[in-house]
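Notes follow the structure.
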Amino acid sequence: MAVASSILFLFLTATVASAGEPVVNCSAPRSPDHGQAFLYQDGRVVKFVCEPGYSLLGKEIVRCVEGEWEAGTPTCIEIAGRFFLQSDLDLNKFEIIS
C-alpha cells in the first residue's frame, strides 16, 4: 500500500508542477508603419522589424508581462542617408550608425 501511495503522490506532484502558473496572454501587438511584428513563445514575446530603408526607434524585443506588453509599439523611421530630423534629435530619438 505504501508503494501505491508513493506512486500516486509522485503522479499528483508531477501533474501540478507541469501545470505551472496560468498563462495570461497579451492582445496582439500592432505592427509599426513600415514594419512587422512577429510573435514568439506562444504570443508572450514579440519582435519588431522594419522594412528596408527604415530604422527601428524603440525596443526590438518586447515581452508580455501579466497580460500587458512591457513597452509600446516602436516606430520605423525612414533612413535619409546619415541625416536625422531635428525633432528626432530634440527628443533624443536617434541612433549612431557607423
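The values are calculated or read from the model by the stated rules, or taken from the named source; none is laboratory data. Because the structure is predicted, anything quoted here is derived from the model rather than measured. Cβ coordinates were reconstructed from backbone atoms using ideal geometry, including for glycine residues, and neighbour counts include every protein chain displayed.
Please state which of the following conditions LEU57 fails to meet, knowing it meets all the rest: (1) of a type in the set (A, V, I, L, M, F, W, C); (2) surrounded by 11 or more Cβ atoms within 10 Å (Cβ to Cβ); (3) modelled with pLDDT under 90.
(3)
Kindly provide the set of residues from the stretch 24-44 that are on the phi > 0 side of the Ramachandran plot and either surrounded by fewer than 14 Cβ atoms within 10 Å (Cβ to Cβ) or touching a residue at least 24 places away in the same chain (Cβ under 8 Å) (or both), ordered by number. Reasoning before the result, please.
To start, the set of residues in the stretch 24-44 that are on the phi > 0 side of the Ramachandran plot comprises 34, 41-43.
If the condition is that a residue be on the phi > 0 side of the Ramachandran plot and either surrounded by fewer than 14 Cβ atoms within 10 Å (Cβ to Cβ) or touching a residue at least 24 places away in the same chain (Cβ under 8 Å) (or both), then HIS34, GLN41, ASP42 are the ones that fit.
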